[in-house]
Structures are given as structure tokens and as C-alpha cells.
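Just so it is clear, none of the values below were taken in a lab; they were calculated from the coordinates. Here the structure is a predicted model, which is why all the values come from computation and not from measurement. Ideal geometry is used to build each Cβ from the backbone, glycine not excepted, and the neighbour counts take in all protein chains shown.
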Amino acid sequence: MFTSLIHPFGLILYFSFIISELKFFKKDNEYNFQKTISYIGLFLIIFFYYFFQFNEQYLTPGWIKQVDIKFFTNFYFSNFFGSRIVGLIYLITLFFLLIKFFKTLLENKKLFLLFSILILSYSLPLLYGLLFRPIIIPRYIIFVIIPIIILTSFFIFQLKLVIRNYIIAFVVLITFLNLTTEQTFKQFYNDRFSYKHDFEGTLKNIYESQNTNYSISINLKQKKLSDAWEKSIKNYINFISKKNNYNLTNISYDKNLDNIWFICIHDLNMNKCNLTDRKPIKTIKLNRIDLNLIP
């Protein structure tokens, strides 16, 4: 219950427990009856909580896009397991095992609970996205990896010894080969690639240019979200500046001063990167940041 109150995705676990209890409900078991009544009571509490605490930004961030047809070809398995090919192998393996042992799945309460979590982790967010606004992205349902791995592992060990060994060897091999293409492995013989915005390099370039004036402006659809991001980034920039003894000056671009550095942050600035009619006299490309010198 408390998980459901912390975040709406907790409802996936809550409904999974309810479905599992109803599936294995026995009328002559008073304990099961009491649990079912408690689940219904808790559902009413959760319902009224979200009804009165409903917050659009909390439930559905504006930057999440609706899923396309590509989603239904791998169900984010390519994100979970490192590549599209490996993801498809895991997905096909899971489908094969679920079909083959479907009867066992329906008869085992623990397995059925994991299966319910697996199904609801996709179906509930998709249903919400169709009725209201999109909410499903890989990192929001990454917990679904737990039932995927447990169900796959359990059913593999229900196969005949020879087939089981071949499947385990194949899965281990493709997982290891895929690992060699990842950054965690490449960093041993290559420079590590950073996926974060290079604010350190940005401020260093500004400081070394002897022109200490810079401007930054975040432009998202929701103004409150833009203001929050802009405040956070400015605080982080001030932290880096103090740490490196950079004496930089943040000014508003509206002042129309000459020779000002404009920090254009990918994914956050949107069309604000072209907010001026004056063409930059210099552009420095950094990791996920464009640093433009406006004359």
C-alpha cells in the first residue's frame, strides 16, 4: 500500500497481489477472505488519495512521448539487455517458455504473481497513456527485469538436461559477447565516453577565453519546470566555478551585451538555442552542450 502512495507505478504491485489472491482464492479459507476484504479497503483508500492529490506533472511528465509500433517488437527488451538482437533473443526465449509451461504457471501461486507483475507492468501504463497522457518509458518499469529473469531461469531448469544446457550456454555466450560492446568493457582499452553534459569543459572554455559573461535559459513546455531546471543548473555552475576559482558572471541575455557566451544545453533548451538573430562568431561543441559566442 505505502509503495502505491509513494508513486503510481506501485499500483502495479498492488493489483498484481490482488489478481494473484483472487486466482487462488478458496471460499473455505477464512484467512484468504480477510485478505481479500483488506485489499478492497486499501484500494478505496488509494483511490481517494490519488483523487484528491492528483497532480499532472507528478503523474505524467510532459516530455514523455507516446509509444510507437517499434515498442511492440521488443517491449524495451533492447534497453534492458543491451542491444536489439540480444533483447529479441531474451524476449523470444521468455515467450517460448511461458507458452510451454503455461499450465505450470497457472498452478503455482508465486510464479503467477510474477507473471501478473510482468503483464501489468506493461498493460497498466499503456492503458493510462491511451486514456490520458503517455507515462511509460524504460527506466520507469525497469523493475520488470526481476520477474523476467526469475521466470526465464525457473522454466529453463524445467527443460530436459541437454536442451537446458544448450540454452544456458547460448544465453551466457551472447550476453558475454554483447558485454564486449558496452562501455563497461571498452573502458579497459579505450577512453571512457561520458554521457553527461560537459559543464566542466564549458566553464573552462569560458574562463580561458577571458570573456567571463555567460547566459543560460531553459525552455520547456511547462514554465515551472523550466524555472526549476534553470535554477538547478545555475547552482551547479556556481559550484563548479567556486571549486575551480572561475570568476564568471551570469547575466540575462535580454541585456543585449556584446560578446556573451550562450550555453545551449541539448534536450533542455529546445528552440532557445536560436533565440538571437545574430549569428555566433564562435561555436564550441562539447558533450551535449553547444557553447556559442554571440557578438
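A few remarks follow.
- At 1.306 mPa s and 10 °C, Stokes diffusion of segment 66-191 via Kirkwood alpha-carbon radius, µm² per second: 99 µm²/s
- With a cut-off of 11 Å between beta carbons, the residues surrounding residue 78 carry a summed charge of +2, where Lys and Arg count +1 and Asp and Glu -1.
- Computed from backbone phi, the HN-Hα couplings of segment 110-127 come to 5, 5, 5, 4, 4, 5, 5, 4, 4, 5, 5, 4, 9, 5, 5, x, 5, 5 Hz, rounded to whole numbers (Karplus: 6.51 cos²θ - 1.76 cosθ + 1.60, θ = phi - 60°; Gly and Pro given as x).
- Packing, taken as the mean count of other beta carbons within 10 Å per residue, orders the peptides 65-75, 111-121 from highest to lowest as 111-121, 65-75.
- Distant-in-sequence amide H partners of residue 246 (H built 1.01 Å from N, under 5 Å): none
- Taking the empirical scaling 2.2 N^0.38 Å for compact globular proteins as reference, segment 211-252 has a Cα radius of gyration ratio of 1.27.
- Pairs over the 28 Å Cα-Cα cut-off, from the set 70/282; 65/243; 70/196: 70/282; 65/243.
- Extension gain, residue 95-residue 245: 0.36 nm per intervening residue step, less the Cα-Cα distance, totals 48.3 nm.
- A Förster radius of 22 Å, combined with the Cβ-Cβ distance separating residue 166 from residue 146, puts the computed FRET efficiency at roughly 0.30.
- Gain on full extension, evaluated as 0.36 nm per residue between residue 236 and residue 175 minus their Cα-Cα distance, stands at 18.2 nm.
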